[in-house]
1. Taking the 0 to 90 degree range and rounding to the nearest ten, how far is the long axis of helix 41-57 tilted relative to the main principal axis of the chain, both from C-alpha atoms?
2. Arrange 16, 183, 82 by Cβ neighbour counts within 10 Å, fewest through most, would you?
3. Build a GNM of the chain with springs between Cα atoms under 10 Å: which of 19, 57, 133 gets the top mean-square fluctuation?
4. Of 37, 115, how do they rank once you tally other Cβ atoms within 10 Å and put the fewest first?
5. Looking only at region 4-188, where both bridge partners belong to it, what percent of the DSSP beta bridges are antiparallel (to the nearest 5)?
6. Please give the residues of region 1-26, grouped as numeric ranges, whose backbone N is less than 20 Å from a label point set 7 Å along the Cα-to-Cβ vector of residue 58.
7. Which of 20, 1 comes first, and how do the rest follow, when ranked by fewest Cβ neighbours within 10 Å?
8. Compute the acute angle (0 to 90°) between the alpha-carbon long axis of helix 135-144 and the principal axis of greatest extent of the alpha-carbon atoms of the chain; round to the nearest 10°.
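Any read-out appearing in this document is the output of simple, stated calculations on the displayed coordinates, not a laboratory observation. None of these values were measured; they are calculated from a predicted model. All Cβ positions, even for glycine, are placed from backbone atoms using ideal geometry, and neighbour counts span all protein chains on display.
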């Protein structure tokens, strides 16, 4: 199989690539996350995933790499977009807003196909429901530092799982890479995966 450039430094996404047995190399693509008030969350996630792919493509002159994947995950609650919190205060605000409520987790994937110079972009929306979260539990979670670098200030595969009462949709997407949808994207774009 041909190697895929993963435009992400996320350990979770790397673990999923390894799980799938995909050959890949890591080239983290840093794109500034700006969220316009009232912006559509799905479109915002897709735009960020596309920007990550294009940032990797930009320096290449002549023949680009065959495959590049950019991924972005964000959270939406009451149409407000939550990215990665810059500090504890913002992380606390985000986590407080989830108390006994549902919110959406949107993960967008952009796949560059160098064979026909095209970019396919898709997104998956899942729902997460938090239980009641006391101030003491919130203080404890914040003190663990798990909120750092996490969209929406939590990691479902970590200690935040203690507070989550249910999900609707794709668990792997909430973690950071929707496996089913990524598999279908690879297949639809002619990547030789999932064939005997």
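1. Around 40 degrees separate the two axes.
2. In increasing order of surrounding Cβ atoms, one gets 183, 16, 82.
3. 19
4. Sorted ascending by nearby Cβ count, the order is 37, 115.
5. Of the beta bridges lying entirely in region 4-188, close to 85 percent run antiparallel.
6. 5-10, 26
7. Fewest to most other Cβ atoms nearby, the residues stand as 1, 20.
8. The answer is roughly 40 degrees.
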